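A quick write-up on the structure given underneath.
The values are calculated or read from the model by the stated rules, or taken from the named source; none is laboratory data. From a predicted model like this one, the values you see are computed outputs, not experimental measurements. So basically every Cβ, Gly included, is an ideal-geometry build from the backbone, and we count neighbours across all protein chains shown. Each accessible area value is taken on the protein alone, full model and side chains, heavy atoms only, with ligands, DNA and RNA left out. Shrake-Rupley method; radii C 1.70, N 1.55, O 1.52, S 1.80 Å.
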Amino acid sequence: HAQRCLKNLKTKLLALLSKVTVKRLFSDSDTEDEIIEVAADGTVIPKKHKNKKTKKIDDAKFLFRKDYFGNNEVLKWMLKEYAREHAKYPHFTEFIGMLPDDAPIILFIDFDMTWDNEDDLPSAKEEEEIFDKVTGVFRGLFKNENVKILSATRSNGHYCPKENGSDCWKVSLRLFAPELVTTRKMLATMLKGYMPAMDDSFPDTLRNYDFEGSFFDTSVYDKKRKMCCVGKTKWREDK
């Protein structure tokens with residue numbers, strides 16, 4: 001009887017621990033929190049996918065293109081194929097926008113700051129402070145404190161010409177919560193118009209920048225949008 005009680009208690013505790021709440025990113029504080037649940041295999045999925053079978057990442061197939069602008073061939077690869085073949089393509093791109101709006105994806109954000117003149121780029125120290133603050137803003141979106149975060153950056157600014165050929169220098173940061181699964185549609189809705197409160201602890205470069213309404217770049221969740229893979233470039237001039 002005692003063993004059965006302990007087993008029941010353990011089951012209830014695991015059920016409680018499997019609830020991970022994420023703050024709604026809308027500006028109104030009265031919006032109800034979204035509940036994300038942990039599936040039996042450890043995959044974290046939003047409620048709308050609760051009754052759908054979500055494959056483990058290692059078994060899933062991802063859509064890629066060989067480069068960002070030119071080649072239109074779409075490749076549907078598993079991660080092992082990506083690991084084996086991607087080095088052949090320096091401009092390799094994930095075709096995330098080809099997926100349906102409600103297809104499950106790993107939760108990620110994209111943060112960019114751009115300038116027309118190289119002299120306007122922040123110093124290496126300022127850039128480090130910017131990345132630290134942006135990571136803190138991202139982490140602050142979650143109520144639970146143990147969200148695993150991975151990052152990819154372009155350090156010291158990089159030259160990234162616009163499609164019209166004009167000059168552009170960019171500071172770029174991409175953050176992932178690899179244990180959380182959501183959708184492009186949900187991220188676009190929750191992040192659109194989101195601006196954190198930036199006090200004096202934020203560097204002036206960050207506080208004075210015109211983000212045009214959204215702190216994070218929500219265009220990365222658009223239909224047909226391509227995302228340059230980590231370690232790759234869009235253009236040969238993009239260093």
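Couple of notes before you dig in:
- If you go through region 59-98 and pick out every residue that is touching a Leu at 6+ places or on another chain (Cβ under 7 Å) and part of a loop (DSSP other than H, G, I, E, B), you end up with 1.
- The condition (being under 14 Å from V134 (Cα atoms) and in contact with a Ser or Thr (Cβ under 7 Å, 6 or more places away or on another chain)) is satisfied by just one residue among S151, S201: S151.
- Residue list for region 111-162, restricted to those being under 23 Å from K232 (Cβ atoms), over 22 Å from the mean Cα position of the chain (by Cα) and buried (at least 18 other Cβ atoms within 10 Å of the Cβ): L121
- Here G97, G165 are screened, and the one residue that is modelled with pLDDT under 80, surrounded by fewer than 18 Cβ atoms within 10 Å (Cβ to Cβ), over 16 Å from V230 (Cα atoms) and within 15 Å of the chain's Cα centre (by Cα) is G97.
- When we screen V171, V230 for residues that are touching a strand residue (DSSP E or B) at 6+ places or on another chain (Cβ under 6 Å) and open to solvent by less than 10 Å² (accessible area, probe 1.4 Å), the only hit is V171.
- Inter-residue pairs, beta-carbon under 8 Å, first farther than 14 Å from D110 by Cβ and in region 143-172, second modelled with pLDDT under 85 and among the hydroxyl-bearing types (S, T, Y), 6+ apart: K143/T21; N144/T21; D167/Y159; C168/Y159; W169/Y159
- Selection within region 70-89 - open to solvent by less than 80 Å² (accessible area, probe 1.4 Å), under 15 Å from C228 (Cα atoms) and of a type outside the set (S, T, Y): G70, N71, V74, L75, H86
- One residue from E145, E179, E212 being more than 30 Å from S123 (Cβ to Cβ) and either out of contact with any helix residue (DSSP H, G or I) (no Cβ under 9 Å at 6 or more places or on another chain) or part of a helix (DSSP H, G or I) (or both): E179
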